[in-house]
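Just below is one structure, and these are the notes that go with it.
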Amino acid sequence: MFMNDAFTADPHATPLLEIILTALEAKERIPDVPPASLAPQFTRDALLALTIDEVGDGWVANIAFDVPPGHPDTVGTPDAYPLPTRRDAFLAGAMIVCEIVSGSPELPFVVDADQLMVVTVRPDGTPFLMSRPFPRQLA
């Protein structure tokens with residue numbers, strides 16, 4: 001279901017969308033009933049990818065959806081106001097994905113230096129820790 005996002009030079013890297021969804025799932029922030037979305041076609045079930053694109057002197061986040069032909073298929077940060085870094089664009093895009101999936105823009109991970117970290121306790125009482133390098137920029 002997930003496309004390989006264009007944020008890393010490594011073709012085996014975890015897609016950006018998958019990183020966010022894994023963290024949301026670990027934090028138990030994916031409700032059984034999907035929250036109302038921006039438009040009927042922009043639902044969590046239709047999510048395809050999060051990409052980070054260079055626009056002018058900055059970066060934007062775009063979230064792609066699997067929708068019928070002729071319908072808008074992307075939401076994201078405004079091209080008219082690009083963010084200064086890829087990192088900023090990723091975090092802004094992650095907040096949009098969180099809003100679509102969970103109904104809240106709160107990120108399910110913390111950023112510590114160059115690491116994304118999720119720390120939580122599962123319902124059975126076992127701890128869960130996910131730590132991965134912040135997605136690398138293209139060379």
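Filtering region 78-133 to residues that are touching a Lys or Arg at 6+ places or on another chain (Cβ under 7 Å), outside any strand (DSSP E or B) and at pLDDT below 90 leaves nothing. Kindly check whether there is at least one residue in region 25-37 that is under 16 Å from ALA92 (Cα atoms) and either in contact with an Asp or Glu (Cβ under 8 Å, 6 or more places away or on another chain) or of a type outside the set (Phe, Trp, Tyr) (or both). Taking every residue of region 25-37 in turn, none turns out to be under 16 Å from ALA92 (Cα atoms) and either in contact with an Asp or Glu (Cβ under 8 Å, 6 or more places away or on another chain) or of a type outside the set (Phe, Trp, Tyr) (or both).
Taking the listed residues ALA39, ALA61, ALA49, the one that is part of a loop (DSSP other than H, G, I, E, B) and either of a type outside the set (Phe, Trp, Tyr) or surrounded by fewer than 18 Cβ atoms within 10 Å (Cβ to Cβ) (or both) is ALA39, with no other qualifying.
The values are calculated or read from the model by the stated rules, or taken from the named source; none is laboratory data. Nothing here was measured: the structure is a model prediction, and the numbers come from that model. A quick note on method: Cβ atoms are made from the backbone with ideal geometry, for glycine too, and the neighbour counts reach across all protein chains shown.
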